[in-house]
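K.L.:
Sharing a structure below in structure tokens format, with a few things to ask.
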Amino acid sequence: MLLEVTDLKKYFPVAKTFIERILTKEERYVRAVDGISFSIEEGEVFSLVGESGSGKTTTGKLVLRLIEPTSGRIVFQGTDITSMSKKEIRPMRRHMQIIYQDPYASLNPRMRVGEAIMDPLLIHRIAQGREAREMVLEMLEKVGLTPPETFFNSYPAYLSGGQRQRVAIARAMITRPKLVVADEPVSMIDVSLRASILDLMMDLRREFGSAYLFITHDLAVAKYISDRIAIMYLGKIVEVGRTRDLFRNPLHPYTKALLSAIPVPTPGRRRERIKLKGEIPSAIDIPTGCRFHTRCPLAFDLCSREEPELMEVEPGHFVACHLHK
Ligand code: SF4
């Protein structure tokens with residue numbers, strides 16, 4: 001197993017006002033990630049899907065140890081990295097890369113494209129000088145930025161959003177990482193270019209044997225590239241399974257609602273849209289019982305009292321809902 005995450009939590013303390021500090025000693029927390037477990041195999045594409053505020057991005061940062069977990073366990077390639085110091089974890093960084101959502105913010109505007117892609121090779125002492133340059137030119141070709149010599153010397157400001165994201169992908173993949181966290185990598189890209197960027201990511205994954213932890217709010221995008229999908233709601237995984245099982249037999253009412261929003265490609269066919277009540281609640285005041293009960297069209301008495309456990313309902317397909325015990 002490449003990555004094993006067990007009961008991972010991340011609580012951010014809420015800053016108190018002056019009056020609140022006088023009136024109460026009680027600390028309040030944003031429970032961004034609230035006890036999740038999952039694993040990713042070598043070369044697997046595992047997606048975390050959910051609305052904004054579900055804890056997906058925080059999970060991605062935790063897994064790479066870019067932020068400190070509150071509790072839980074992260075094991076990468078058989079090594080427990082949960083409490084490793086920055087120094088201890090540094091040699092593993094070449095195997096754990098990230099692609100951010102915003103290709104405009106993720107590249108240093110003062111660095112030429114070639115230097116930006118070469119940087120990880122130098123940092124991790126994989127190559128230098130002519131060899132490093134050759135590797136970058138080869139990678140530019142792979143990501144479709146040709147002629148590579150021209151792009152090597154360009155600055156990000158002169159590139160389109162799609163081209164910048166190709167640079168960010170090249171920078172992440174040049175070390176041939178074992179795990180890449182891809183955080184909404186196509187959501188800021190023009191719709192017409194999204195499939196080509198996803199196809200590029202899949203080609204590189206096949207070539208390098210990398211696994212992706214793919215973070216997206218878009219179930220259709222997740223379906224396109226994932227081996228397995230986990231649905232997150234308010235800091236918890238509420239359903240997880242192989243992509244085909246999740247689409248053939250969605251079980252959690254939240255999954256069904258997300259699925260109903262995907263347009264059906266067949267002309268004349270429509271899926272009935274399930275509209276959820278209201279917005280996702282605050283992660284400071286998480287509803288009691290099933291945290292989805294305030295929006296669930298199928299909620300009943302028990303739902304507001306007892307939190308459902310994630311249970312296996314068919315091989316590899318788990319759901320946390322009292323309707324499926
Ligand atoms: Fe809805 Fe109840 Fe199932 Fe939660 S446990 S998803 S509220 S039916």
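K.L.:
Beyond 35 Å, what percent of the Cα pairs of the chain remain?
P.N.:
The answer is 27 percent, as a whole percent.
K.L.:
Can you compute the radius of gyration and Dmax for the stretch 57-196, using only the Cα atoms, both in Å?
P.N.:
My reading of the Cα-based Rg and Dmax gives 15.8, 48 Å.
K.L.:
Continuing with the same structure: Ignoring everything except DSSP H segments at least 4 long, calculate the 222 nm mean residue ellipticity for the chain; use -39,500 (n - 2.57) per segment, divide by total residues, nearest 500.
P.N.:
Taking each H run of at least 4 residues, the total per residue is -8500 deg cm²/dmol.
K.L.:
Would you mind ranking LYS256, LYS9, LYS277 by Cβ crowding within 10 Å, fewest neighbours first?
P.N.:
LYS277, LYS256, LYS9
K.L.:
Which one, ILE286, VAL49, GLY60, is farthest towards the positive end of the dipole of the chain when Lys and Arg carry +1 and Asp and Glu -1 on their Cβ?
P.N.:
ILE286
K.L.:
May I pose another question? Set the Förster radius R0 to 22 Å, insert the Cβ-Cβ distance between GLU279 and ILE19 as r into 1/(1 + (r/R0)^6), and round the FRET efficiency to 0.05.
P.N.:
Numbers: r = 27 Å, r/R0 = 1.23.
According to the calculation, E is roughly 0.20.
K.L.:
Would you kindly compute the Cα radius of gyration of the stretch 193-325 and its largest Cα-Cα separation (Dmax), both in Å?
P.N.:
So, for the stretch 193-325, Rg and Dmax equal 16.4, 51 Å respectively.
K.L.:
Next up: Under 19 Å Cα-Cα from LYS9, which lysines qualify once same-chain neighbours fewer than 8 residues away are excluded?
P.N.:
Hits, sequence-local ones excluded: LYS56, LYS61, LYS236.
K.L.:
Also: Give, rounded to the nearest 20 debye, the magnitude of the charge dipole that the stretch 31-189 has about its Cα centre when Lys and Arg contribute +1 at Cβ and Asp and Glu contribute -1 at Cβ.
P.N.:
Once rounded to the nearest 20, the dipole reads 480 debye.
K.L.:
Here's something else I'd like to know. Scale the Cα Rg of the stretch 100-146 by the rule-of-thumb value 2.2 N^0.38 Å and send over the ratio, two decimals.
P.N.:
1.18
K.L.:
With charges only on Cβ, +1 for K and R and -1 for D and E, what is the dipole size of the stretch 135-273 about its Cα centre, in debye, rounded to 20?
P.N.:
Taking the Cα centre of the stretch 135-273 as origin, the dipole is about 600 debye.
K.L.:
Mind checking the full-extension length gain between GLU115 and SER187? Use 0.36 nm per residue of separation minus the Cα-Cα distance, one decimal, nm.
P.N.:
Result for the pair: 23.4 nm of gain on full extension.
K.L.:
Additional query: Where q = 0.08, 0.09, 0.15, 0.21 Å⁻¹, what log10 of I(q)/I(0) comes from the Debye formula for the stretch 108-267, counting one point per Cα?
P.N.:
Rounded to two decimals, the profile gives -0.29, -0.36, -0.85, -1.33.
K.L.:
Percent antiparallel among DSSP beta bridges with both residues in the chain, to the nearest 5?
P.N.:
The answer is about 60 percent antiparallel.
K.L.:
Hey, got the dipole for the stretch 52-110? About the Cα centre, +1 on K and R Cβ, -1 on D and E Cβ, debye to the nearest 20?
P.N.:
200 debye
Read-outs throughout are calculated quantities, based only on the coordinates presented, and are distinct from any laboratory measurement. For clarity, every value in this text was computed on a predicted model and none was experimentally measured. As a convention, Cβ positions derive from the backbone with ideal geometry for all residues, glycine included, and neighbour counts pool all protein chains shown.
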